[in-house]
Structures are given as structure tokens and as C-alpha cells.
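Here the structure comes first, spelled out in C-alpha cells, and everything after it is commentary.
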Amino acid sequence: MPSTPDATSDLPAKDQSAKDLQANDVQAIDQLRDAYARLKAELARVIVGQDTVIEQLAICLFARGHALLMGVPGLAKTLLISRLAETMSLRFSRIQFTPDLMPMDITGTDILQETHDGRREFEFVKGPVFANIVLADEINRAPAKTQAAMLEAMQEHRVTVVGRPYVLEPPFFVLATQNPVEQEGTYPLPEAQLDRFMFLINVDYPSRLEEIEIARTTTGAPLPHLRHLMDATAVQNFQSLVRRIPVPQHIYEFAVDLVRMTRPNSDDAPKWLKPLVAWGAGPRAVQYLILGAKSRAALTGSYMVRLEDILAVARPVLTHRVLTTFNAESEGIRSHDIVKRLVDELNSSGLR
């Protein structure tokens, strides 16, 4: 009886890492790559530019992470997030954070209702957090108690109302926004809550040509409805697939070395960094570097994590986890600049 051919024997030599996966996982990665290409093409019908933002949002979503978007008003953050949910047939809700917003405005509350037989009893009415994709708009405008309620939902995927827990239906994806310009009357997010966000995504101004295209497409006919490309079940299956992407040992070492270099009290930190950084990234940064690299590898059709995947996610993972000192701020050095220099030095030093 002839032997059964290897399911990955037709792969090129550079993709022999696919043999570490099951045959159906190899096929699923190809499906995810094609689905991602269709997703970008569909979003391009209503969103001009922002390719990097779309990629980072997709990486977060399929890695089961949350993202904090930083950008001035008017850059189509809400439109992008709502249309992303539309293409995936996911329930979307938007919460406008304000100083008077209470936790129950997010989670929901018990309301006294009259039953069909005339009795009265409390019934739980779900809040806007009970959705698949939640946009927390200007999250730093809400007081700490309200931020804590959102923090529990992000970390535990559940909310607690009057002592009773309610589980949030997966997939659950929180996208929060902050306005970097107007900071009066805001409640800055504590470092512990910032650390819950997988990515800090900077949404920048469009280029001149992109802005001309925005003016042309948004001042005429109404924007089109987008096709539904996948559902909640498919998203969860792809999220599970991302966890199974193999990672070479040297990639783990590179991620750990990079994070340890951000800590000023560590022997691994370069001398130039010590006066510029007050606190470095913690172990969660290593986890998100690996998960982000896995997700990016799958989205680009790679059967294993490559160094370029780690490099692509290093800045959005580390920027909000590196806290600069007064000396750095007085010299105009931002955490983004420090992370960029660290990545460049570690990459060029050959530490793989």
C-alpha cells in the first residue's frame, strides 16, 4: 500500500515550518490571509488611506486584544470602527465618555418591571458594553469609577451589577479613543489601565492626495453599505488559529530582550536610556509582542512568526508602556522615540 503524502510536502523550502501545523491549520491560514485582503478592499470603499491603522486593528482583533486610538477629532475613527464591525457582522456600540457618566450607564442596571400576572420584579437591562465591538470614545473624560467598570469588562470579559456577574458574549473587542490636544477636565488613564490595551494606535492626518479623495467621496452620494465577509463564529475560529502559530526560540528571546531593555533599573538597559525612562514595560508587553506577531504572521499568510512580525508590532505594544522622565520631556524626547531607537539598536546588533 503506498504511503500517504505529507500534507505540506508541496510547500516551498522556506515554508517548511508549516509542517509544525496541522494540515487544516495551513489551509485556515490561507483562508485568513484571503479574508484579510477582502476586508481591506471592502473598507477601502469608505475609508481613504489609514492602511497601518486598519492592519493594527485587525492584528488586535484576531489576537483577542484591545486597542487605544490616539488622534485628533475628524480622522474617521468612529466610521472605521463601525464599518469594521459591519464587515464582520458583529454587534457594534459606541459609548461617549463624559465626566458625569456612571458605571451603570456602561454595564446596565436592574429596573423594576411589572410582570404579566401583575407582580413587580427587577429585570436586568443590558448596557452598551454588551456588544462585540465597543467604541469607548474619549475614555479619559470619565471618572475613575467608570473607567474601572470598563477595565473589568476588558480584562474579565464580564461585568458585575449588584453583586451578580454577567458574561460578555465573544468576540469582545474594546477600542478606546483619546484626544491628544484637549486635556482640560480629563481623568488620565492610570498605568494599570493603559497596560490592559494591547496596542496604542496613532491615527495621523491623511496625505494631501488622500485628503482630496476624502473631500471627493464624502461630499457626494451617501457612503455604500459594506458586504458581510465573516461572522462571529469565523472570527473566534481565526482567533484560536492565531494562538497555534509556531514561534521560533530566537523570536521569544528577541521579544524578551527588547522588553528588558526598556527597564531603566535593569542591567540590560543601555546607558543612554536610564536618564530618559522612569518605568519600563512589564511581562504583559512580552505576551502582546508574541501574540501580535502571531496575528500579523497569520494575516500575511506566514506559517510561523518572523522577526519582521515582531518589529512591526513593537512600537504600538511598547510606546504606552514606557514612561519618560522629566529630563526626556524637557528635551522633547517621547516614548515613541525611545522605542524606535531600542528596536533599531537591537535589530542591528544581531541579537536574534
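The values are calculated or read from the model by the stated rules, or taken from the named source; none is laboratory data. Everything numeric in this text was worked out from a predicted model, so none of it was measured. We place every Cβ from the backbone using ideal geometry, glycine too, and count neighbours over all the protein chains shown.
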Would the range 99-117 turn up any residue that is outside the structural domain of PHE197 (by TED's automatic domain parsing) and either closer than 30 Å to ILE47 by Cα or aromatic (Phe, Trp, Tyr) (or both)? yes
Mind checking whether some residue in the range 287-302 is over 26 Å from ASN237 (Cβ atoms) and touching a Pro at 6+ places or on another chain (Cβ under 9 Å)? no
With respect to ARG227, determine if the residue is in the same structural domain as PHE62 (by TED's automatic domain parsing), farther than 26 Å from LEU68 by Cβ, assigned to a loop (DSSP other than H, G, I, E, B) and in contact (Cβ under 8 Å) with a residue 60 or more places away in the chain. yes
Number of the exception - VAL305 against (1) closer than 17 Å to GLU55 by Cα; (2) part of a helix (DSSP H, G or I): (2)
Inside the range 105-158, can you point out the residues that are charged (D, E, K, R) and without any contact (Cβ under 8 Å) to a residue 40 or more places away in the chain? GLU114, ASP117, ARG119, ARG120, GLU121, GLU123, GLU152, GLU156, ARG158
Of residues in the range 103-123 being modelled with pLDDT of 85 or more and of a type outside the set (A, V, I, L, M), the one surrounded by the most Cβ atoms within 10 Å (Cβ to Cβ): THR107
Might you let me know whether the range 81-102 holds any residue that is more than 30 Å from ALA234 (Cα to Cα), at pLDDT 85 or above and either under 22 Å from the mean Cα position of the chain (by Cα) or in a helix (DSSP H, G or I) (or both)? yes
Is it the case that some residue within the range 301-312 is polar (S, T, N, Q), in contact with a Leu (Cβ under 9 Å, 6 or more places away or on another chain) and surrounded by 21 or more Cβ atoms within 10 Å (Cβ to Cβ)? no
Pull up the range 8-31, narrow it to residues that are closer than 16 Å to ARG306 by Cβ and assigned to a helix (DSSP H, G or I), then point me to the one that is modelled with the highest pLDDT. ILE29
In the list PRO246, PRO264, PRO222, which residue meets the criterion of being part of a loop (DSSP other than H, G, I, E, B) and in contact with a Ser or Thr (Cβ under 7 Å, 6 or more places away or on another chain)? PRO246
Counted residues, the range 248-260 - those being farther than 30 Å from ALA278 by Cβ and either under 20 Å from the mean Cα position of the chain (by Cα) or modelled with pLDDT under 90 (or both): 0
Just to be sure I understand the filter: pairs with C-beta atoms under 8 Å, separated by 6 or more residues or on different chains, first member in the range 321-345 and over 17 Å from VAL259 (Cβ atoms), second member of a type in the set (Gly, Ala, Ser). Which pairs pass? THR325/ALA278; ARG334/ALA328
Any residue that is under 23 Å from ALA176 (Cα atoms), out of contact with any Ser or Thr (no Cβ under 7 Å at 6 or more places or on another chain) and assigned to a helix (DSSP H, G or I) - is there at least one of those in the range 322-334? no
Strands (runs of 3 or more DSSP E) lying entirely in the range 140-212 (those with 2 or more residues that are surrounded by 14 or more Cβ atoms within 10 Å (Cβ to Cβ)): 158-161, 173-178, 199-202
Have a look at ALA215, ALA232 and point out the one that is among the small types (Gly, Ala, Ser) and touching a Pro at 6+ places or on another chain (Cβ under 9 Å). ALA232
